[in-house]
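These notes concern the structure reproduced below.
The values are calculated or read from the model by the stated rules, or taken from the named source; none is laboratory data. What you see is a predicted model, and the numbers here were worked out from it, not measured in a lab. With ideal geometry, Cβ positions are generated from the backbone for all residues, glycine too; neighbour counts draw on all protein chains shown. Remember, those area values only see protein heavy atoms, side chains included, never the ligands or the DNA or RNA. Shrake-Rupley method; radii C 1.70, N 1.55, O 1.52, S 1.80 Å.
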Amino acid sequence: MGIQERKEREKQEMRELILRTAKQVFIEEGYEKTSIRTIADRIEYSPATIYLYYKDKDQLLFAIHELGFDALIESFRSLQEIADPLERFRQLGYRYVQFAIDNPEMYDLMFISYSPMNALEKAPQGSTWDCGYQAFHILCTIIQENMDQGLLRTNDLYITALSVWSNVHGLASLYIRNRLKAFPEHLNTQQLMDQSLDLLIASLKV
């Protein structure tokens with residue numbers, strides 16, 4: 001391995017170490033309390049080392065939230081194995097909510113916390129939210145397929161996508177912020193969310 005290749009590998013290893021450590025720190029301490037110095041102390045480097053890779057905390061958190069989208073999109077990957085478009089649509093909702101249940105801190109960073117989006121606002125003009133777009137594109141593709149086959153009563157792709165996304169996001173947010181405590185204790189919150197998704201799909205299908 002040449003010197004340049006070794007240097008690139010070392011840079012990539014350091015970047016991965018910073019991201020892994022930063023992710024653990026913000027899970028343990030929360031986004032607001034997380035500082036570059038805290039992360040640097042964990043990896044036993046100076047804050048200046050982290051600034052060689054990320055110009056500020058917002059940019060670092062943005063990189064971490066991209067990892068969350070990688071995991072979310074990966075959870076959608078096997079949906080193509082489901083032959084029935086309507087069932088694929090339903091399972092997409094289930095998996096989205098389940099991702100939030102399994103990864104509440106990461107979901108909060110991806111969809112609720114404003115901090116990562118600060119980095120996007122500071123980015124060069126024309127920069128886009130690519131990771132968010134990729135996840136949204138999967139939703140739109142599945143909705144469009146159902147529309148093309150005449151399985152849905154709506155023909156407006158983006159209104160339908162927004163309605164579905166806001167519904168499942170609401171369920172996920174209520175759950176991870178412990179707001180489903182408003183329901184009587186004898187009710188199973190997982191079943192409530194599943195049945196809510198079923199009702200949404202039923203209201204959309206022909």
Restricting to region 164-206, name every residue that is within 19 Å of Gln144 (Cα to Cα) and without any contact (Cβ under 8 Å) to a residue 12 or more places away in the chain. Ser166, Ala202, Ser203
Run Tyr54 past the list (1) touching a Leu at 6+ places or on another chain (Cβ under 9 Å); (2) in a helix (DSSP H, G or I); (3) under 19 Å from Ile36 (Cβ atoms) and report the number of the one that doesn't hold. (2)
Apart from one, (1) open to solvent by less than 20 Å² (accessible area, probe 1.4 Å); (2) not in a helix (DSSP H, G or I) all hold for Ser127; the odd one out is (1)
Among Leu162, Leu151, which is the only one that is closer than 20 Å to Asp198 by Cα and open to solvent by less than 70 Å² (accessible area, probe 1.4 Å)? Leu151
Residues (touching a Phe, Trp or Tyr at 6+ places or on another chain (Cβ under 9 Å) and of a type in the set (Val, Ile, Thr)) located in region 23-38: Thr34, Ile36
Conditions: (1) open to solvent by 70 Å² or more (accessible area, probe 1.4 Å); (2) in a helix (DSSP H, G or I). His169 meets all but one. Number of the miss? (1)
Look through Lys205, Lys181, Lys122 and report the one residue that is exposed (fewer than 11 other Cβ atoms within 10 Å of the Cβ) and of a type in the set (Lys, Arg). Lys181
From the list Gly150, Gly132, which residue is under 13 Å from the mean Cα position of the chain (by Cα) and small (Gly, Ala, Ser)? Gly132
Pick from Gln144, Gln149, Gln190, Gln134: which is out of contact with any helix residue (DSSP H, G or I) (no Cβ under 7 Å at 6 or more places or on another chain) and either of a type outside the set (A, V, I, L, M, F, W, C) or at pLDDT below 95 (or both)? Gln190
Criterion (part of a helix (DSSP H, G or I) and either surrounded by 14 or more Cβ atoms within 10 Å (Cβ to Cβ) or touching a strand residue (DSSP E or B) at 6+ places or on another chain (Cβ under 9 Å) (or both)) met by exactly one of Arg6, Arg20, Arg37, Arg77: Arg20
Is there any pair with a first residue in region 96-122 that is within 11 Å of Phe62 (Cα to Cα) and outside any helix (DSSP H, G or I) and a second that is open to solvent by less than 20 Å² (accessible area, probe 1.4 Å) and of a type in the set (A, V, I, L, M) whose Cβ atoms are under 8 Å apart and which are 6 or more apart or on different chains, and what are they? Ser113/Leu61
Just the residues that are of a type in the set (Val, Ile, Thr) and assigned to a loop (DSSP other than H, G, I, E, B), please, taken from region 141-161. Thr154
